[in-house]
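The values are calculated or read from the model by the stated rules, or taken from the named source; none is laboratory data. The model shown is predicted, which means the values in this text are computed figures rather than measured ones. Reconstructed Cβ throughout: ideal geometry from the backbone, glycine too, with neighbour counts over all protein chains shown.
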Amino acid sequence: MEKSRFDFPTSDTLLPGMKLGWNKLTGFNRHLTSWKSTQDPSQGNYTYELDPKGYGEEILKKGSVMVFRTGPWNGIRFSGVPYLSPNSIFTYNLVFDDHGEDYYIFELLGSIYSRMSLNPDGRVQQYSWIVSTQTWGFLYQTQIDNCDNYAFCGPNGACNSDSSPVCDCLKGFVPKSPKDWDVLDWSNGCVRKTPLNCSSDLFLKYSGVKLPSTEQFWFDRSMNLKECEMVCLMNCSCTAYANLDIREGGSGCLLWFGNLIDIRNLPVNGQDIYIRMAASELAKASESKKVTIILCGTLLSTGLLILGISLVFYCRKKKHRKYGKMSSSKKQDLELPSKKEDLELPLFDLATVVCATANFSENGKLGKGGFGTVFKGMLKDGQEIAVKRLSKHSSQGLDEFKNEVTHIVKLQHRSLVKLLGCCIQEDEMMLIYEFMPNKSLDFFIFDQRRSSLLDWPKRFDIINGIARGILYLHQDSRLRVIHRDLKAANILLDSEFNPKISDFGLARSFGGIETTAETNKVVGTYGYISPEYATDGLYSIKSDVFSFGVLMLEIISGKRNRGFFHADHNLNLLGHAWKAHTEGRSIELLDTSVGDSINQHEVLRTIHVGLLCVQQNPQDRPSMSAAVLMLSGEGVLPQPQKPGFYGERDPTELQVRSSSQACSVNKLSFSLFEPR
């Protein structure tokens, strides 16, 4: 490539149209070098260049030592140069071109001249020519104060020139050398109070900062911020993430690895960054207090005020909270964890529900489970609903009722079934949901005739929809929720076969510092529960990942995991899938009823992800954020280990089980059993 006169900046000065940067193909470097003094143009001590090792930031070095960096380019400016803003004198840009060149350039907008210079004292300044005085006027400079000195507060420290002292550790960090810190020597920086856990880490948002040094980084220009977060979560070495470009709401992904160096608070035009923290550092201590049970409507049966129901309803159609006909002896205070906000839920009166369901007609019965019976209904305005009616003889259903309301009322996601309200009147307790016209997933995938309605693209969409719903529960919801009963019968389908997760009666929420819990009463459904939960009563988000893996393989194959039979062996569906995978025959797992609609690469990758989710060891299973990314990505996947509950079964036992099980089409029940 022929070089023009503008390919060589004039030692200490960058003029309009000149490039300051690198040609990555040839190694050609355009940089500035300071004069020794204002009177001596020989080579001085400072150089200013586009960092060849980092992402889109310029660095100032004294000899070989870095003394200042601009921070990475964010589409508008360098993140650490807040006063570089659009103006009437010149335009500027950082260019990443198709010929391997990365460079900074500025161009004049009018007749006013401007230049950028590296001064002998190591300051980078922009000037404009003032015609009236025939002198160069100062526009802005890169270094403002001590906080611009590179790594002034050390690793994982943050500098704030408006504070005293100016250095402080990032939240969740403490001084590495408290003695040095006390005498204002911050060079050793800070270390974490609590080591990262990877699987349970959270992110803390910092706003208005200069982004840290990009010595160890990764970027992608096409990702959004949520995808960026998922990628960072997948990699236990990732310590922070941010948008690559802040224009138009933000785009792109920039990740940091290792220590975070040279962060400072900025008075204007700072940027957001999300820093990885141990969950315990972000958890807030919760206190216990008494909360009064206030039920909108009438409640007569004393048997319903048991098991510590802790529900506070706002009646949107009532002007005042009231107990109705409930006797004063039933107005109880119950001990429960503090809630910062009431549960807001519309109340349906009993007459409305009776009318909508034709007095709970047998013709409108959708299914039956441990909670009670589910009926189809239609309100006067034509809206179809599904009504879960608590069995009057079900103390177990009352627990589920409480749990369902306390969880799902706070959850809003397109892949979760929507709770419309409840009815608590006389001796009735009911939950009212949006109606799902295509019933549940098991109604289709396990029926030879109906399964043909779900081609491969639709099955893949259903898998991804379920995955996004679980990811929301585990990571993005107001509660960190473990569903504990993910199964085909609890995945409902709307009119376009979009999946919605339902039945939160067994769900549990985790606090910020929790990752695993233990129970003496194992609840769930055979064939879907994870090994560690079934045998030891231990459940975590990885328990849901196991259930999701089972669901994936069932959707792909059209076969139930429990009761699966194959003529060549006595393995369950998980064992059969793993055996086929290890022998290079994974495609044989695919349900033949999908026809010719398949994308073989997509099918094989989905089976692979499913097998990763059902591995025996919870630590080997991916998080849901990782699973979502794996399903949509193209990268190399790790090889799965043997699945949980892998092993040959007694064929006589299989015959007894298969002959004795008559699974209902729209099964809403759950199993309840004790661990061994």
Among the residues of region 156-165, is any in the same structural domain as ILE263 (by TED's automatic domain parsing), small (Gly, Ala, Ser) and buried (at least 20 other Cβ atoms within 10 Å of the Cβ)?
-> yes
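For (1) under 22 Å from ASN561 (Cβ atoms); (2) assigned by TED's automatic domain parsing to the domain that holds LEU204; (3) free of Cβ contacts under 8 Å to residues at least 60 places away in the same chain, each residue gets a yes or a no:
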residue	(1), (2), (3)
LEU419	no, no, no
CYS422	no, no, no
SER452	yes, no, no
LYS458	yes, no, yes
ILE463	yes, no, no
ARG478	no, no, no
VAL481	no, no, no
LEU486	yes, no, no
SER495	no, no, yes
Report yes if some residue within region 232-252 is among the aliphatic types (A, V, I, L, M), in contact with a helix residue (DSSP H, G or I) (Cβ under 9 Å, 6 or more places away or on another chain), surrounded by 15 or more Cβ atoms within 10 Å (Cβ to Cβ) and assigned to a loop (DSSP other than H, G, I, E, B); otherwise report no.
-> yes
Filtering region 58-77 down to residues that are surrounded by 21 or more Cβ atoms within 10 Å (Cβ to Cβ) and touching a residue at least 40 places away in the same chain (Cβ under 8 Å) yields GLU58, LEU60, PHE68, ARG69, THR70, GLY71, PRO72, ASN74
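On the basis of being touching a helix residue (DSSP H, G or I) at 6+ places or on another chain (Cβ under 8 Å), in the same structural domain as LEU479 (by TED's automatic domain parsing) and over 19 Å from ASP442 (Cα atoms), does HIS566 make the cut? It would help to see each step written out before you state the result.
Values: touching a helix residue (DSSP H, G or I) at 6+ places or on another chain (Cβ under 8 Å): yes; in the same structural domain as LEU479 (by TED's automatic domain parsing): yes; over 19 Å from ASP442 (Cα atoms): yes.
Yes; evaluated as a whole, the condition is true for this residue.
Being touching a Leu at 6+ places or on another chain (Cβ under 8 Å), without any contact (Cβ under 8 Å) to a residue 24 or more places away in the chain, closer than 23 Å to LEU254 by Cβ and not assigned by TED's automatic domain parsing to the domain that holds ASP272 is true for just one of TYR92, TYR48, TYR103, TYR55. Which residue is that?
Numbers: TYR48 fails: without any contact (Cβ under 8 Å) to a residue 24 or more places away in the chain; TYR103 fails: without any contact (Cβ under 8 Å) to a residue 24 or more places away in the chain; TYR55 fails: without any contact (Cβ under 8 Å) to a residue 24 or more places away in the chain.
That would be TYR92, the only listed residue that is touching a Leu at 6+ places or on another chain (Cβ under 8 Å), without any contact (Cβ under 8 Å) to a residue 24 or more places away in the chain, closer than 23 Å to LEU254 by Cβ and not assigned by TED's automatic domain parsing to the domain that holds ASP272.
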Options VAL183, VAL131, VAL174: the member that is surrounded by fewer than 17 Cβ atoms within 10 Å (Cβ to Cβ), closer than 21 Å to ALA240 by Cα and either of a type in the set (A, V, I, L, M) or at pLDDT 90 or above (or both) = VAL174
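Let's see how each residue does on (1) within 14 Å of TYR48 (Cα to Cα); (2) out of contact with any strand residue (DSSP E or B) (no Cβ under 6 Å at 6 or more places or on another chain); (3) assigned to a loop (DSSP other than H, G, I, E, B):
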| site | (1), (2), (3) |
| --- | --- |
| GLY71 | yes, no, yes |
| GLY75 | no, no, yes |
| SER85 | no, yes, yes |
| THR91 | no, no, no |
| ASP98 | no, yes, yes |
| TYR104 | yes, no, no |
| ILE112 | no, no, yes |
| ARG115 | no, no, no |
Matching residues, region 208-220, being assigned to a loop (DSSP other than H, G, I, E, B) and either modelled with pLDDT of 90 or more or farther than 29 Å from MET66 by Cα (or both) | LEU211, PRO212, SER213, THR214
Looking only at residues in region 148-186 that are free of Cβ contacts under 8 Å to residues at least 40 places away in the same chain, among the hydrophobic types (A, V, I, L, M, F, W, C) and assigned to a loop (DSSP other than H, G, I, E, B), which one is farthest from VAL124 (Cα to Cα)?
-> VAL183
Any residue in region 208-215 that is surrounded by 21 or more Cβ atoms within 10 Å (Cβ to Cβ), within 14 Å of ASN74 (Cβ to Cβ) and polar (S, T, N, Q)?
-> yes
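For a quick check of your reading: which helices (runs of 4 or more DSSP H) sit entirely within region 572-651 and have at least 3 residues that are in the same structural domain as GLY558 (by TED's automatic domain parsing) and β-branched (Val, Ile, Thr)? Walk me through how you get there before you give the answer.
Values: elements: 573-582, 600-613, 624-632.
Result: 600-613.
Give the number of residues within region 78-95 that are among the hydroxyl-bearing types (Ser, Thr, Tyr) and loosely packed, with under 15 Cβ neighbours inside 10 Å. Explain how you work it out, then say what you get.
As a first pass, look at region 78-95 and keep what is among the hydroxyl-bearing types (Ser, Thr, Tyr): 79, 83, 85, 88, 91-92.
Narrowing the set further to residues that are loosely packed, with under 15 Cβ neighbours inside 10 Å leaves 85, 88, 91.
Adding up the residues that qualify gives 3.
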Can you tell me how many residues in region 633-645 are surrounded by fewer than 21 Cβ atoms within 10 Å (Cβ to Cβ) and either at pLDDT 95 or above or in contact with an Asp or Glu (Cβ under 9 Å, 6 or more places away or on another chain) (or both)?
-> 2
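Which is modelled with pLDDT under 90, charged (D, E, K, R) and surrounded by fewer than 17 Cβ atoms within 10 Å (Cβ to Cβ), of ASP536, ASP461, ASP503, ASP494?
ASP536
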Quick check, is GLY469 of a type in the set (Gly, Ala, Ser), in contact with a Leu (Cβ under 6 Å, 6 or more places away or on another chain) and buried (at least 16 other Cβ atoms within 10 Å of the Cβ)?
-> yes
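So which residues in region 61-108 are basic (Lys, Arg) and under 32 Å from the mean Cα position of the chain (by Cα)? Write out each step before concluding.
Within region 61-108, the first condition is being basic (Lys, Arg), and the residues that meet it are 61-62, 69, 77.
Across region 61-108, the qualifying residues are ARG69, ARG77.
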